[in-house]
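Any read-out appearing in this document is the output of simple, stated calculations on the displayed coordinates, not a laboratory observation. Just so it is clear, the model here is predicted, and its values are computed rather than measured. With ideal geometry, Cβ positions are generated from the backbone for all residues, glycine too; neighbour counts draw on all protein chains shown.
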Amino acid sequence: MTIISPSVLAADFSKLGEEVNKVHKAGAQYIHLDVMDGIFVPNISFGPSVIASLRKVSDIFFDVHLMITHPERYIKDYVDAGADLITIHYESTFDVKGTVALIKSYGKKAAVSIKPATSPEVIFPLLRELDMVLVMTVEPGFGGQKMMPDMLKKVRAIREYAKENGIDVDIQVDGGITPDNVASAFEAGANVIVAGSAVFKAENPEKVISDMIATGNSI
Ligand code: DX5
Ligand code: ZN
């Protein structure tokens, strides 16, 4: 299923609740919440209290992308804040398997993300445990960057491996996705699209979202 997950990093933080509800109304099925600690990535965003506040004003599916070191320390905080799906980075912990199991023990969906320099093969032994894989299409840390088309080879490799092994898994792409390049991401095998600037900075977010969903459904 094609899912659009607008990243709030590109939203107006002075009215975050309204921004989330705006894109939900416009047809987005998920909202992508980028958590950054200034250590795993060179930027700081927000933590569980902001997410808990948003949970009070919105019932959209919360797709929480943790760009933090040793995320196992904070999984419960994000569950309590209202996360529906939690993505951790393969590069952020020694215990990826254990952290995935911890997320699932709370009845939440679990995903693992790989940075541009990480090979897709590291995901294969984990794939059966995952609800989603996130292939970063930019170096994590900032919104508004250009998509790295080479990363789509990794999407293709993971989709092929999943198919060969009969594994049903979502593949998400994140970073620099626009209406102009989204078809290439779908063609590679992605089905969950993060789009920050492309949605929040658009004059007509509803059209961007519905066009992206139509593109995904046509491939
Ligand atoms: C980057 C974040 C992304 C980012 C996407 O580290 O993970 O989610 O906000 O924003 P755009 O779509 O503007 O590249
Ligand atoms: Zn993200």
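Points worth noting:
- Computed from the C-alpha gyration tensor, the three semi-axes of the ellipsoid equivalent to the stretch 1-113 are 23, 15, 12 Å, from longest to shortest.
- Cα centroid of the stretch 131-204 to Cα centroid of the stretch 72-93, whole Å: 20
- For the stretch 80-157: Kirkwood Rh in Å [reciprocal of mean 1/r, alpha carbons]: 13.3
- Reachable lysines, given that their alpha-carbon falls under 26 Å from the alpha-carbon of LYS56 and they are not under 8 places away in the same chain: LYS15, LYS22, LYS25, LYS76, LYS104, LYS108, LYS109, LYS201
- P(r) tail fraction, the stretch 71-219 - alpha-carbon pairs more than 24 Å apart, %: 33
- Positive dipole terminus of the stretch 114-183, leading residue within ILE167, VAL133, PRO149 (C-beta point charges): PRO149
- Candidate cross-link partners of LYS163 among the lysines, defined by an alpha-carbon separation under 19 Å and a same-chain spacing of 8 or more, comprise LYS153, LYS154.
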